[in-house]
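A short worksheet on the structure shown next.
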Amino acid sequence: RQHARVEDRIRQAKATGLARFPAAGFAENQAWLQVVMIANDLITWTKLIAYKDHPSIGRAEIAAFRYMILHTAARITRGARQLRLRVDAGWRWVNEVAHGYTAIRDAFT
């Protein structure tokens, strides 16, 4: 089972950008690889912290997670000494986005 988890992480890293290096030079591709690995770690930790109660989102492939959560048209606003998340009410996963935002804020405050 451990090997399957490693293969899942490699597949998600490839979907994040590991499969295509943008430049011909080694230094540029090395920087690209670091950025891809940072993005992969951030997405993994976001799933772990914010969506542990939502297994369908927490275990979603990167393309589905990107569509459901990361491509959400939302805005974080500040007013009356409060932070607010403004999400389009017509978005199908508005409750999941709000739950994830609240879980991340609670985890780091």
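Assess whether residue 38 counts as being open to solvent by 50 Å² or more (accessible area, probe 1.4 Å) and within 22 Å of residue 108 (Cα to Cα). Even if it seems obvious, please write down each step before you answer.
Details: open to solvent by 50 Å² or more (accessible area, probe 1.4 Å): yes; within 22 Å of residue 108 (Cα to Cα): yes.
So residue 38 fits the description; yes.
So, in the range 41-57, exactly how many residues are surrounded by 15 or more Cβ atoms within 10 Å (Cβ to Cβ) and either under 11 Å from residue 96 (Cα atoms) or touching a strand residue (DSSP E or B) at 6+ places or on another chain (Cβ under 8 Å) (or both)?
Counting residues in the range 41-57 that are surrounded by 15 or more Cβ atoms within 10 Å (Cβ to Cβ) and either under 11 Å from residue 96 (Cα atoms) or touching a strand residue (DSSP E or B) at 6+ places or on another chain (Cβ under 8 Å) (or both) gives 4.
Looking at this structure, is residue 102 of a type in the set (Ser, Thr, Tyr) and part of a loop (DSSP other than H, G, I, E, B)? Lay out the reasoning, then the answer.
Details: of a type in the set (Ser, Thr, Tyr): yes; part of a loop (DSSP other than H, G, I, E, B): no.
For residue 102, the condition - of a type in the set (Ser, Thr, Tyr) and part of a loop (DSSP other than H, G, I, E, B) - is not met.
Tell me the residue from 57, 38, 62 that is under 19 Å from residue 15 (Cβ atoms), under 10 Å from the mean Cα position of the chain (by Cα) and β-branched (Val, Ile, Thr), please. Quick ask: steps written out before the conclusion?
Values: 57 fails: under 10 Å from the mean Cα position of the chain (by Cα); 38 fails: under 10 Å from the mean Cα position of the chain (by Cα).
The conditions single out 62.
Taking only pairs six or more apart or across chains, which ones have beta-carbon atoms under 9 Å, a first residue in the range 81-109 that is of a type in the set (Gly, Ala, Ser), and a second residue that is open to solvent by 60 Å² or more (accessible area, probe 1.4 Å)?
From residues that are of a type in the set (Gly, Ala, Ser), the pairs are 103/52; 103/53.
If I filter the range 77-109 down to residues being surrounded by 10 or more Cβ atoms within 10 Å (Cβ to Cβ) and among the aromatic types (Phe, Trp, Tyr), which single residue comes out as farthest from residue 50 (Cα to Cα)?
Once the filter is applied, the top-ranked residue is 91.
The values are calculated or read from the model by the stated rules, or taken from the named source; none is laboratory data. Quick caveat: nothing in here was measured; it's all calculated off a predicted structure. Methodologically, a virtual Cβ is constructed for each residue, glycine included, from the backbone with ideal geometry; neighbour enumeration extends over all protein chains shown. Keep in mind that these areas ignore ligands, DNA and RNA; they rest on the heavy atoms of the full protein, side chains included. Shrake-Rupley method; radii C 1.70, N 1.55, O 1.52, S 1.80 Å.
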